[in-house]
1. Considering the values (1) 21.1; (2) 19.9; (3) 28.0, which represents Kirkwood radius over Cα pairs in Å as calculated for the structure under consideration?
2. Under 5 Å between amide H atoms, partner at least 5 residues away or on a different chain: which partners does residue 104 have, H built in plane at 1.01 Å?
3. Would you calculate the separation in nanometres between label points at residue 98 and residue 26, each defined as 7 Å from the Cα along the Cα-to-beta-carbon direction?
4. Please list 3J(HN,Hα) in residue order for the stretch 25-37, calculated via the Karplus relation 6.51 cos²θ - 1.76 cosθ + 1.60 where θ = phi - 60°; whole Hz, with x for glycine and proline.
5. Test of understanding: in a Gaussian network model of the chain with alpha carbons linked when under 10 Å, which of 15, 50, 27 would top the mean-square fluctuation ranking?
6. May I ask for the longest run of the chain untouched by GluC sites (Glu not before Pro) that are loop-located per DSSP and have at most 10 neighbouring C-beta atoms (other than their own) within 10 Å?
7. How big is the stretch 184-225 on each of its three principal axes, counting only the C-alpha atoms and giving the largest first in Å?
8. Only Cα pairs within less than 10 Å get springs; with that Gaussian network setup on the chain, which residue of 231, 172, 130 has the largest fluctuation?
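Nothing in this text is a laboratory measurement; each read-out follows from the coordinates by a stated rule. Being a predicted model, the structure only gives us computed values, none of them experimental. Neighbour counts run over all protein chains shown; Cβ positions are idealised from the backbone, glycine included.
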Amino acid sequence: MNEVAQLIEESATRLFDDFSTTNGHELMETGQFPEVLWADFLADGWLTTLLSEEDGGAGLGLEAGCVLMRLAGYYNASLPVAEALMGVYLSLKSGAEFSDELIIPVILDAPFNEQPDIHLYGIPWARHAASIVVIFTQNNKTQLSLVKAQDITINAGQNMAGEPRDDVTFKASLLDNSSDVQAMSLKQLESWFALCRAAQITGTLQRVLEMTVDFANERSQFGRPIGKFQAVQQQMAVLAEMTSAAICAVDAAIDHLNTEQEWELIACAKITAGEAAGYAAKTSHAVHAAIGFTQEYPLQLSTRRLWSWRDEYGNEAYWSAKLGQQCFALDTDSLWSWLTTQTG
């Protein structure tokens, strides 16, 4: 996977780095879709990253997808990379034909029996999607259903980063013709979405760390760079430590995909990434002072994403509670062996 990851980084870096010099962020925050970047994204074949060779993809899987998502986070790419990759993967699982249109995955985790309408809130990029693929459980089976954009009512919204987060409404009857997915559970898919967002967070954390160290070494106060002051050095050391911990946690989760430890390590990864995101945002702005808050300075592009993404697909409290429930469900004599299996 190391050679594949290196190839992905070299190729995707050119795409995302070129975009970072455009006005794509301003366009996104005014409600426009980044058509040029999306076209380049499709032309390079990234949309099929998760697909098997039988489905017309490269057979790289979620491991390679997380490498791509991390890069997108590092360059603050105003593009629904995680949602697009997961959406096309799940749409094929639902029985649909492959399409290079934007398909957004949505988890419906609440019962909807006898309800005429389904209401979902804060759905990423829904206004720009050709379809949404709804994931839900019925009769203890995971179901997928593709709902077309023309059948959806959208109330546009944004997260703190200015990314589209829309409320959607559609008829519950549209879920009647759903497909049963045997190999995946709702619990597993929820964790995959969390891993995708954690991978993006680690890319953004790396960018914030680099910007903060560079600024501290360049900005002088009282006759020397502020990075020479012990108090600032201590803050940056903790920032580097938490960034590294988040990257390690995400890497461990990726390495254990399709193993018995997958879910637990993804939960740990999202917790660790979320905690690091909070510290990184406040510390980087403390070091940068007033300039870090300005629209013209790029730090805010990263920190606003950290504040937004740490809460999406479950924040630290959510996954900590889930992980705690998992521990309590173990037999009394199994806790130590369970812990050492995760860390061995």
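1. This structure yields the entry labelled (1).
2. The answer is 131, 132, 133.
3. 3.8 nm
4. Result, rounded to whole Hz: 5, 5, 4, 4, 6, 9, x, 8, 8, x, 4, 5, 5.
5. Highest fluctuation of the listed residues: 27.
6. On the way: sites that count: 97, 114, 260, 296.
Longest gap between qualifying sites, sites excluded: 115-259.
7. Extents along the principal axes: 60, 12, 6 Å.
8. Answer for the Gaussian network model of the chain: 231.
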